[in-house]
Structures are given as C-alpha cells and as structure tokens.
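Structure first, then comments.
Derivation of every value follows stated rules applied to the coordinates shown; laboratory data play no part. Computed from a prediction, not measured in an experiment: that's the story for all the values here. A quick note on method: Cβ atoms are made from the backbone with ideal geometry, for glycine too, and the neighbour counts reach across all protein chains shown.
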Amino acid sequence: MNDESPPKGAPDTNTITNQHDTPTQRQIAGAAIGYAQRGWAVFPTHGVVAGRCTCRGDCSSPAKHPLTANGLRDATTDIEQIASWWRRRAWANVAVATGQRSGIFVLDVDDLAGLEHLDNLPKTLTARTGSGGLHYVFQHPGIEIRNRARVVPGIDVRADGGYVVAPPSRHISGRLYEWIDERDPARAPAWLIGLVRARPKPAPPPMPPATYTGADVGTRYGCAVLRDELKTLAGAPEGQRNDTLFRSAAAVFSVALGGELDIEAARRSLEHAALSTGLDGLEIRRTLDSARRAATPRRPERRPA
C-alpha cells in the first residue's frame, strides 16, 4: 500500500510526547487495534496539524478522507498492518469501515433536532463527533443496508460500503471524537431497520413558483404581503430556508389573523413554495405550525382622512 509522506509540521513518531487532551500515537494506534480486535476493519485518514488537514490542500473533507492509496478498500483487522500505519503516521485519524464487513451500521446525526423524528431509539454505543453531532452504532442485521443521506432530516446512515471517523480522532475544529456511551452496539429494532433500508423516494419534478390565486384569497394588502413573502422564500439560500419559512409564514399568518387573507389558502401557498425549495414535507408542516402559534393579528395602518 502506498502511504503519503508526513506533512510539514507533523509530529515525529519517535519523539511525540503525551500532551493533555491530545491524542497520541499510542492512543490512536491503541484505539485502532482495539477496534480490529472486536472485528471492525479500520484504516487511517488524514489528520490535523497546525489547524489544517494533513493533505496540505483546501480539501472538502478535512481530516476525514483516506490516507492510504486505496482508501476504504485498505480497511483491515490485521494488527501488524495497523501498527505499521500508526508507527509511521502518528498524526493520522482512525476510520472504521461500516456495514457487514465490520458487523455494524451507524446513524450519523449532524443535526440533533433530527432525533425528534426517531422515537424510542434504543440506547447503544454512542460517540460525540468533533462537530458536536452523534454516531449511534448498531449491530448490522446481516442484510444489505446502503449508505443514505437524510433518512430523516439531519440524520444519515453509514453502512455497507461506508465508513465513519472514530474516537479519539481530531476534528478540523480541534475537538476530539469521544465515546459517550460505551455499551456494546445494540440490536436495531425492526422499525429502525425498515427506516434505514427504505429506498428514498425519487425527487419530485421542480414545482413552479407559488403564487397567490387572486382576489378571493384576501384583500389587496393581504395579497401583496403574501406575494412578497413567497418571493422571499423562493430566494432563500440553502441553510437558511427553514428559518426564512418561519419568518415569512409568521408574517403571512399575522396578516391572515388580521382578516386580510384566507389563512388556509395562504398556508397552502406557503407549503407549495417551501416544497419547491427542497425542504422536507414534515419539516415544513412543523415549521408552519410553529409560525401559526407565533403569529399575532396585523392590519394595514390607516391614515387619517
């Protein structure tokens, strides 16, 4: 296997010292060997030196992408190979191959709000990631589970053909991955296996921009507010769409409560517009419900004659 040479500034394997809250060669290598001993195939990924990924470039996946020539295909439980990797690359992070190969699959939680969609999730082996997310590790059921993004909003699954970075690796932020629940991986309940194995629905065709349907929706003032907020929502950048939906919906609902719009027609227009931006249907409905509760009646200011 072809390994890369150490990046400039990387600690020398022979001189690295134990430092408080710093993963050392022994800690990383020991973790990698421990994972292999429990049957998990591992391989090294780039690490963090002087606040940058050791690939020395402006990569899109800092301190997470493979260090070896064949990446995930090099994952192994061979103790001698693992020890050799970390003798030469003390700064490397450790990745675990997921899926049937290691007997596990992982729920990768980037947005903790996504856990609201998973009631009664069993307690299991759990890591906190360097970004503040969570990795829930479950026993693999022995049937195919594909990697999949957004099994529910904010949560991906890493399984057959995938991998996760594991403790005590260092995130590009400088924080460490750490185990916060060290029990053995739990058996996944049937409902969870069904969820992670479900084939994602094909993306619907792009929807035309939502528009108000005419004077029957409301007054001239109400229709103008609705039209402006739909335009704002349509132009919301990715990452701000749900917040924009809440603000726009609260404004529209306030006008509707003031008697200027039909509230149900306005809600349908908002939902249509939100779907066209790519937001999830359940997420949209919850946001609209929250905006409705937050809205207070609003009427146009009347100028004295």
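Quick rundown of the values:
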{"read-out": "Amide H partners (placed H, <5 Å) of A186, local residues excluded", "value": "L125, Q139"}
{"read-out": "Segment L275-K231, extension gain: residue separation times 0.36 nm, minus the distance between their alpha carbons", "value": "14.5 nm"}
{"read-out": "Length released on extending from I143 to Q240, taking residue separation times 0.36 nm less the Cα-Cα span", "value": "31.2 nm"}
{"read-out": "Distance between modelled label sites at D184 and S131, nm, 7 Å Cα→Cβ extension", "value": "3.2 nm"}
{"read-out": "Quotient of C-alpha Rg and 2.2 N^0.38 Å, computed over the stretch 215-294", "value": "0.98"}
{"read-out": "Pairwise Cα inverse-distance average, inverted: Kirkwood Rh of the stretch 25-197 (Å)", "value": "16.1 Å"}
{"read-out": "Whole-Å distance, taken between Cα centres, linking the stretch 150-171 and the stretch 60-124", "value": "7 Å"}
{"read-out": "From phi via Karplus (6.51, -1.76, 1.60), per-residue ³J(HN,Hα) for the stretch 256-269 in Hz, x at Gly/Pro", "value": "5, 5, x, x, 9, 9, 6, 5, 6, 5, 5, 4, 4, 5"}
{"read-out": "Two-site FRET efficiency, I263 against S60, from Cβ-Cβ distance with R₀ of 45 Å, rounded to 0.05", "value": "0.55"}
